[in-house]
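Chemist: Could you have a look at this structure, given as structure tokens, before my questions?
The values are calculated or read from the model by the stated rules, or taken from the named source; none is laboratory data. Bear in mind that the values here come from a model prediction, so they are computed numbers and not experimental data. Positions of Cβ are backbone-derived with ideal geometry, glycine not excepted, and every protein chain shown enters the neighbour counts.
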Amino acid sequence: MLSVYTVGVAKHIFISFPRNHQNRLKKSLFLCMSMNNQREVQSETESHVHYNHTDPSKYARWTARESFQFMYARPWQIVNDFYLDIVRANLSLSLLFGPQTILDHNDTGIAALSDQTELESVASEDRSGRWARTTFKIILSYHGGSFDGWQKQPGLNTVQSIVEVSLGKFVDEKKTQLLKDKGLPIEGCAVVAGRTDKGVTGLQQVCSFYTWKKDVKPRDIEDAINQAAVGKLRVVSVSEVSRVFHPNFSAKWRRYLYIFPLTDGYRDQGNDNGESCDISRYNEIHDSSSKDEIENQEKSYVFSVSKVNRLLQKLEGKLLSYKMFARDTKASRNDGPPTECFVYHARAMEVKLPTADCGEETKAMCVELVANRFLRKMVRVLVATSIREAAAGAEDDALIKLMDATCRRATAPPAPPDGLCLVDVGYTEFDPQKCFILIE
């Protein structure tokens, strides 16, 4: 026997069950309908700021899809090859910026002296347990396109997994036996200053490793890691530091560079105000329907590097919440101090990418960002959004206004990881004169 229950205009048929089961089914049905109605009302009443927000701009802003296509339709292999040459020590970043260059930020002695008083208060013969362990600071250079990011993950070729396997031979006997008893591989533990995503290059990434083994030398660690992935992973330096040194918590700032290749047809159309003034020229539009849509909405695909520089420079010296520029972060971290970052330096300039074989140089825009911390994919979203706002002819404080948006769709999708590079990590106070891009 079938029982039919009618709710509104929809008919729902249930196979006959005992009365208590029927009551439960009816309650579940009405509960689901009530939740759906609440969602519909909520979606109608909520006000989200989308990519086409009402902030003033000369041209309409790109959609997320248009921004994604524009960013990815680039000769990224040229940038990948450039980073690979730097990792192999065939080229230097200073070649991008002419005679000016930043000073060395290895800070080799800083961490070693950070707890000098504490160490001197304990006689060397009394040092045992945690005092007896030796901590090493390791600075690494690796090519992002050759790895699946930093963090160790099962079945993936990550930098951390290779480094920790290489450090396995330096693990002390007690830990070695403990790992064997648990059936785990003999690996060291590398703590890093900041994890990088798949495709992101690290030129002076900092990590640390400690051991109670007495005969470990910095050169031994360097040789072991250098043999693990020749041509893709290279040790810049290894030094013995204080046991209180922590690559992440001891860091005062991080520096990132983003290299955005410019197409052959690129022209800096910026006038004195830095606004795009030619909507008839586009970079990388794929089909006629897209062109018609763009022309009808008056969208510009020409941007000024100087305009991007002005947009970014507004972020300098401010403590702001960058939750609208973050991606892949938990909702619990979207409010409060965890999303706040202090940007020391944010500039952009046009450069030419050299090649190791003295081939033809490629025009590119280089963005330099230095901050006390960065959220997940924050740099890539900042770069993509600043380019979008520059093409739209937005006001110079457009990025600042986006901080108050209520939906992350107000910012552009992340730029490709191929252009991003973690340059170095600082453990002393930031010096604004020690930067690549010093233009105003």
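Chemist: Applying the selection to the range 58-85, what residues are assigned to a loop (DSSP other than H, G, I, E, B) and either β-branched (Val, Ile, Thr) or at pLDDT 95 or above (or both)? Walk me through how you get there before you give the answer.
Modeler: Going residue by residue through the range 58-85, those that are assigned to a loop (DSSP other than H, G, I, E, B) are 58-63, 73-75.
THR63 - this is the single residue of the range 58-85 that is assigned to a loop (DSSP other than H, G, I, E, B) and either β-branched (Val, Ile, Thr) or at pLDDT 95 or above (or both).
Chemist: Here's a follow-up. Do we find that VAL351 is under 29 Å from ALA60 (Cβ atoms), in the same structural domain as ALA415 (by TED's automatic domain parsing) and not basic (Lys, Arg) in this structure?
Modeler: no
Chemist: I've got another one for you. Please indicate, with yes or no, whether at least one residue in the range 145-166 is over 22 Å from the mean Cα position of the chain (by Cα) and more than 30 Å from VAL79 (Cβ to Cβ). Give the derivation first.
Modeler: Step one: filter the range 145-166 for residues over 22 Å from the mean Cα position of the chain (by Cα), giving 155, 164-166.
After this cut, where a residue has to be more than 30 Å from VAL79 (Cβ to Cβ) as well, the list is none.
No, the conditions are met nowhere in the range 145-166.
Chemist: Let me ask something additional. Quick one: how many residues across the range 126-140 are out of contact with any Ser or Thr (no Cβ under 8 Å at 6 or more places or on another chain) and either modelled with pLDDT of 90 or more or in a strand (DSSP E or B) (or both)?
Modeler: If we filter the range 126-140 for residues that are out of contact with any Ser or Thr (no Cβ under 8 Å at 6 or more places or on another chain), which is where we start, we get 126-132, 140.
Now restrict to residues that are either modelled with pLDDT of 90 or more or in a strand (DSSP E or B) (or both): 140.
So the answer is 1.
Chemist: For a quick check of your reading of the model, give me the residue pairs whose first member lies in the range 308-324 and is modelled with pLDDT of 95 or more and in a loop (DSSP other than H, G, I, E, B), whose second is surrounded by fewer than 18 Cβ atoms within 10 Å (Cβ to Cβ) and hydrophobic (A, V, I, L, M, F, W, C), with beta-carbon atoms closer than 7 Å and at least 6 apart or on different chains.
Modeler: Once the first residue is modelled with pLDDT of 95 or more and in a loop (DSSP other than H, G, I, E, B) and sits in the range 308-324, its partners that are surrounded by fewer than 18 Cβ atoms within 10 Å (Cβ to Cβ) and hydrophobic (A, V, I, L, M, F, W, C) give LYS314/ILE400.
Chemist: To continue, here is another question. Being among the aromatic types (Phe, Trp, Tyr), farther than 30 Å from CYS207 by Cα and modelled with pLDDT of 50 or more narrows it down to one of TYR301, TYR258, so name that one. Step through it out loud before you land on a result.
Modeler: Details: TYR258 fails: farther than 30 Å from CYS207 by Cα.
Only one candidate qualifies: TYR301.
Chemist: Hey, can you tell me all the residues within the range 396-423 that are assigned to a loop (DSSP other than H, G, I, E, B) and under 19 Å from the mean Cα position of the chain (by Cα)?
Modeler: Selection gives MET403, THR411, ALA412, PRO413, PRO414, ALA415, PRO416.
Chemist: Consider the range 393-440. How many of its residues are among the β-branched types (Val, Ile, Thr) and more than 16 Å from VAL367 (Cα to Cα)? I'd like the intermediate steps shown before the answer.
Modeler: Going residue by residue through the range 393-440, those that are among the β-branched types (Val, Ile, Thr) are 400, 406, 411, 423, 425, 428, 437, 439.
From what is left, the residues that are more than 16 Å from VAL367 (Cα to Cα) are 400, 406, 411, 425, 428.
Within the range 393-440, residues that are among the β-branched types (Val, Ile, Thr) and more than 16 Å from VAL367 (Cα to Cα) number 5.
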